[in-house]
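Participant: Questions regarding the structure given below will be posed in turn.
The values are calculated or read from the model by the stated rules, or taken from the named source; none is laboratory data. Please read all numbers here as calculations on a predicted model, not as lab measurements. All Cβ positions, glycine included, derive from the backbone under ideal geometry; neighbour counts span all protein chains shown. Note: areas computed on protein heavy atoms with side chains; ligands, DNA, RNA excluded. Shrake-Rupley method; radii C 1.70, N 1.55, O 1.52, S 1.80 Å.
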Amino acid sequence: MSVMLAAAAHTDALKREAARLIARDASLYLDISPLLDPQWTGIPVVAAGLGSALAAVLPPGRLNFFLDHRLIAFEAVADSLRRQNGLFLNREIAAGRADSGRLPVLARGAGGKRVGIFPSVKRIRRAFDIECSIFHDLSTLVLPYFHMKLNVDHHMEALLADIASNDLVVTVSAASRDDLVAYLGVEPGKTVVAANGVVWPQGFAVDAANLLAPEGAEPYLLILGTREPRKNVILVFDMLARAPALLESHRFVFAGKMGWLAEQHALPESLKPAVAAGRIVFPGFVGDRVKYRLLAGAEATLYPSLFEGFGLPVLESLSAGTPCVASWSSSIPEVGGALCSYFDPLSATGMQRALRDMLARRRDEGEKLRAACRDHAARFTWQDTAATILARLVDLLP
Amino acid sequence: MNAKGGCLSLLPIRETLAAAVGRGVSWMQGLGSWGDASAIVLSCPGPWRRHESAVVPVARASLTQVLLGSESQMLAFVAAAQAMEGRLFHTPVPEIFAGEGNLVAACRAAGLRDAGGSGVVHLRFGGVRAARVIKGARNAAVIAEAASAAPLTASHHPFASGTILPETMQLVFTYGQQTVGPRGTLGREIPVRPLPPAFQTADLASVAAGGTGKGGREALDIVTLGEFQADLWAAGKIRSSAGDARLRRAGKGAPAAVLVPWNLDHPGSIVPALLERLVRLRDGQEDGPEIILLPFNYFGPTGIIRSLVVRLRDAASDPERTLAQTFLARVTQLAGMPKLRQLSRVAWVDGNDPEAWWTLQRLAAVGVRGILIDPGGGSGGVARLPADEPLWVEADTRCGALTFAARMPSPRRLPDLLDMTAAQARVAEPDVAAPAASRAARPARRGRVRAG
C-alpha cells in the first residue's frame, strides 16, 4: 500500500469514528499537559499527533482541550500544534489568555456525553462519563534504575489509580499491553493497542532531497534519541572501541537532548580523539526539520535501546526511507518489522554483525529498500491511532 | 493466565513435586518435571552491563557476590539442580523479552541445543520488590526473605509493600522454614512450595570442605570506601593497592577485622546507621575491629554505597583515615572464600534484614561465625546481641519513600558487641569446615562463575 493510500484509508476510518461520536451526542476532551514541554519528544509527540488528527475531523466543541480543571482555548492549542512546540502555549496559559473556563463537570447532562482522553498520567480522574489514558511503557515500574527518582514517583503515584479509573486502557504496543497484564493483572479486554504514528511536513522530503548530495557526502550512521541509560547508547561506544575501523568508513552522529544519570558521561577515553576529529558528532537536540535531514541522509540508523514502549525513532527512520539496525528488545520488532536488522541489546559484537548485514543489504537493494522502509512506516499514522482509540471509546458510550 | 491469555496449568508440577517428596525420591527429580520446558532461565537483580549477551548458559553468568544475597540463592539452586545442566540459562534482563519467541531464540544463540519441549520456565531469585517476569514463560519466584521487613508506611507503588508479586508469577518457592512467602499478586494468592534445606548451601559444600587453602585473589574484590567508584564496581574492574595490601597483611599482624554483610536491597538496613555510630564513638581512635563491609544484592550504581561514604565522611573527625580503614569486599567466585576467611571469621549480621537467616546459614557453611544483631524474639544456637534501641529508618527508594521500624545496639551495648566479636574470633578455628549437612550436599563445581 502506498503512503498516500494508507493515509487516506486511515483518515476515512477516523472520519467514520468521529461521525459515530457526534451521532451519539458525545464530545471529546483531550488533556494537553504533555504539550507544555518546550521541546517535544516522546509523549508530547504522541499527544500532538493525536490532537492534530482529532482536530482535523472534530469541530471545536466536539473536541475540547483541557489542563487540570480548566478548558484551554482551541486556537491556542491549534497554534501550538502548528508550531510543534510548547513554548507559546505555555506563555498563553501563564498569561491567562488561553483559559476558556472550567471543565463542565458539574453541569449534569448539559452538552451530551463527555469522553476524556489523557495522553499520559492523569491529573484529574473520573471527571468524564468515559475516560481512557495512554500507557507508553512500564519502564518506571520494571526498570526504575534507568530513571530519575522524581520520574519514577510521578508515574508510580498515578499508576494503579489511573488504571482503576479508566474505562479503557490504551497502550502503544502489544509489548506494553502485555506488561500491564503480566505485572498488574490488567484485564486484556479492557485494553486497546493504538500504535504511534509518524508524519512529517510535506516540504521536508523535498527539502532533504535537494540538500543531499549522495556522491560527495561522507556516509554516516545516525543514533537518534535522548541520551539516558535506557537508550543504551553506551553499546555503540563499546562497539566502536572494539572495532575502531568503523569510524574510518562512517561518521557516527548521536542526535538527541542530554538525558540523565551516568550515561551522559559514558564516552570512553579511547573514543575522545574521534570526537575531536569529527568522526563522532553530538549535535544535541535537533528540531524536526534537521532531524528529518539527518534521518534521510544517513546510511542507516542505530537504535540499541534496552527497553521501549514503542520505539518512535525506529519508525521515524523508516519513514525517511532509512533502514534501522535495532535491538530486538520489548516492542521494537513490532515497529520495525522486517525492515530492521536486529541484535541483542547487551552484545556489542551482535550489533556490529547486524550493522554489517544491514549495510550489505543497503548496497544490494538500494532504492528498493528505501521504498520498502517508507511503505512500512506508512502503515503507522496518527489518524489510525486516533481512529483505533475513538472506535473503542464510542463503543463504550452508554 | 499468561500474557497471551492462555492457561498454564500448574497441576502436573504440583502433583509431581508432591509425589516425589512423598516417595522420598530426590526432590531434584521432582523439580525436573517442570520440565517439559525446553529451557529454564534463571534471573536475579544485578548490574546488566557486566554481561555480553541477554542470555548465557548459567555457568557463564557474570556475578558480583556469590556468597550472599540473590546471586548466591541462584547459585545454590544451580548446584542442587545440576541434573538440568544444558537447559539452565541466566538472563540479567528478563524485562526486555516481549514473549517466548525472542527468548527461545536468545537461548539458542546461547547454546540451547534442542528448543523443543513446551516452552520456557523462568525462575526469579531475590527480593519480592524486585521480582520480574518473562512474558510468555512460566514464571516462579524463589524467595529467601522473611516477611518481617515490610515498611510501616503505605505507598502508591504497586510493589512497595514487599508482599505483592507480578500477576503472572505462578508459583513461589521458598528457601527454608524461616521464609514466609508473599501473599500473592494484586488479584490472587500464589501457591507456595518450600525448597529442601539442602539447597541452601549446596554450592558451598566443596568450599567449606576445602578449608582455607589458597584462594584466588581475583575472586575476591576489596577496596576501601575512600577508593569506591560506582562505575568500576558495577563493571567489575576492581584494582586496589590498598585492598591488595590489606589482603597481604591478613593473618600477619593486621588489625582484627569483622565482616559486616549489608543488604543493599533492604532499605531498612541498620548497617549505615551502625557504622556512623561507630565512627562517631571511635572519634579517630582504633577501638574495636576494622570493618569490612560485604554488600550484596547490588543492582548497579544506585547511589546507596556512595551515600554511606558521604555519611561517614560527615561523621568522622578524620574522614580520609576513616574511609581508608573501612573496606568493601565481595566474593565474585567461590574460589575467593579462603581469602575472605583470612580477613575475618566473624561477622555482624543485621537481624532486621529479611535475609538475615540466609546470611547466617551461608556464613556458617563456610566457617564464618555470625553474631546476630537481634531486634527481638529470636532464639537458637547463633550468638546474639539484643538490639536495644528502636530506630526508624526512612529511605527514599525506587518504590517511593518508605519507613521501616528497626532496632540497633545502643551506644552502651556496643562494647558488648565488640567483646562478643573478640570472643568469637578466639573461638573460630582456622580450618573450621562446614556443618555436616552442607558437606552432604552435592558438591558444586568450583570456579565456574567468573567475575566481570
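Conditions (1) open to solvent by less than 10 Å² (accessible area, probe 1.4 Å); (2) within 14 Å of chain B (Cβ to nearest Cβ), marked per residue:
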{"position": "A:Asp153", "(1), (2)": "no, yes"}
{"position": "A:Ala164", "(1), (2)": "no, yes"}
{"position": "A:Leu180", "(1), (2)": "yes, yes"}
{"position": "A:Tyr183", "(1), (2)": "yes, yes"}
{"position": "A:Gly189", "(1), (2)": "no, yes"}
{"position": "A:Gln202", "(1), (2)": "no, no"}
{"position": "A:Ala208", "(1), (2)": "yes, no"}
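Participant: Of all residues in the stretch A:10-40, which are surrounded by fewer than 17 Cβ atoms within 10 Å (Cβ to Cβ) and under 18 Å from the mean Cα position of the chain (by Cα)?
Facilitator: A:Leu36, A:Pro38, A:Gln39
Participant: Quick check: is even one residue across the stretch A:274-292 in contact with a Phe, Trp or Tyr (Cβ under 8 Å, 6 or more places away or on another chain), crowded, with 20+ Cβ neighbours inside 10 Å, touching a residue at least 60 places away in the same chain (Cβ under 8 Å) and not in a loop (DSSP other than H, G, I, E, B)?
Facilitator: Within the stretch A:274-292 (the criterion being in contact with a Phe, Trp or Tyr (Cβ under 8 Å, 6 or more places away or on another chain), crowded, with 20+ Cβ neighbours inside 10 Å, touching a residue at least 60 places away in the same chain (Cβ under 8 Å) and not in a loop (DSSP other than H, G, I, E, B)), the answer is yes, since at least one residue qualifies.
Participant: Name the one entry in B:Ala105, B:Ala81 that is within 13 Å of chain A (Cβ to nearest Cβ) and either under 18 Å from B:Met169 (Cα atoms) or free of Cβ contacts under 8 Å to residues at least 60 places away in the same chain (or both).
Facilitator: On the way: B:Ala81 fails: within 13 Å of chain A (Cβ to nearest Cβ).
Sole residue among the options that is within 13 Å of chain A (Cβ to nearest Cβ) and either under 18 Å from B:Met169 (Cα atoms) or free of Cβ contacts under 8 Å to residues at least 60 places away in the same chain (or both): B:Ala105.
Participant: Filter the stretch A:315-346 down to residues that are hydroxyl-bearing (Ser, Thr, Tyr) and open to solvent by 10 Å² or more (accessible area, probe 1.4 Å) and give me whichever is nearest to the other protein chains (Cβ to nearest Cβ).
Facilitator: Looking only at the stretch A:315-346, we keep the residues that are hydroxyl-bearing (Ser, Thr, Tyr), and these are A:317, A:319, A:322, A:327, A:329-331, A:341-342.
Restricting the remaining residues to those that are open to solvent by 10 Å² or more (accessible area, probe 1.4 Å) gives A:319, A:341-342.
Values: A:Ser319: 22, A:Ser341: 14, A:Tyr342: 9 Å.
Among them, the one singled out is A:Tyr342.
Participant: Which condition does B:Asp350 not pass, out of (1) acidic (Asp, Glu); (2) under 15 Å from B:Leu417 (Cβ atoms); (3) surrounded by fewer than 24 Cβ atoms within 10 Å (Cβ to Cβ), if it passes all the others?
Facilitator: (3)
Participant: Here's another thing I want to ask about it. Can you tell me which condition B:His90 does not meet? The list is (1) modelled with pLDDT of 85 or more; (2) open to solvent by 10 Å² or more (accessible area, probe 1.4 Å), and all the others hold.
Facilitator: (2)
Participant: Show the residue pairs meeting these rules: Cβ distance below 8 Å; 6+ apart or different chains; first residue within the stretch A:328-353 and without any contact (Cβ under 8 Å) to a residue 60 or more places away in the chain; second residue surrounded by 23 or more Cβ atoms within 10 Å (Cβ to Cβ) and among the charged types (D, E, K, R).
Facilitator: Pairs found: A:Trp328/A:Asp344; A:Ser329/A:Glu308; A:Ile332/A:Glu308; A:Gly350/A:Asp344.
Participant: For the stretch B:130-156, what are the residues that are within 14 Å of another protein chain (Cβ to nearest Cβ), open to solvent by 10 Å² or more (accessible area, probe 1.4 Å) and either touching an Asp or Glu at 6+ places or on another chain (Cβ under 8 Å) or not in a loop (DSSP other than H, G, I, E, B) (or both)?
Facilitator: Answer for the stretch B:130-156, where residues must be within 14 Å of another protein chain (Cβ to nearest Cβ), open to solvent by 10 Å² or more (accessible area, probe 1.4 Å) and either touching an Asp or Glu at 6+ places or on another chain (Cβ under 8 Å) or not in a loop (DSSP other than H, G, I, E, B) (or both): B:Arg132, B:Gly136, B:Arg138, B:His156.
Participant: Answer yes or no as to whether B:Pro338 is at pLDDT 95 or above, closer than 27 Å to B:Ala250 by Cβ and open to solvent by less than 40 Å² (accessible area, probe 1.4 Å).
Facilitator: In short, no.
Participant: Would you list the strands (runs of 3 or more DSSP E) that sit entirely within the stretch B:188-271 and hold 2 or more residues that are at pLDDT 90 or above?
Facilitator: Result: B:220-224, B:257-263.
Participant: Only residues that are out of contact with any His (no Cβ under 9 Å at 6 or more places or on another chain) and buried (at least 18 other Cβ atoms within 10 Å of the Cβ): list them for the stretch A:82-112, please.
Facilitator: Let us first name the residues in the stretch A:82-112 that are out of contact with any His (no Cβ under 9 Å at 6 or more places or on another chain), namely A:82-101, A:104, A:106-112.
If the condition is that a residue be out of contact with any His (no Cβ under 9 Å at 6 or more places or on another chain) and buried (at least 18 other Cβ atoms within 10 Å of the Cβ), then A:Asn85, A:Gly86, A:Leu89, A:Glu92, A:Ile93, A:Ala98 are the ones that fit.
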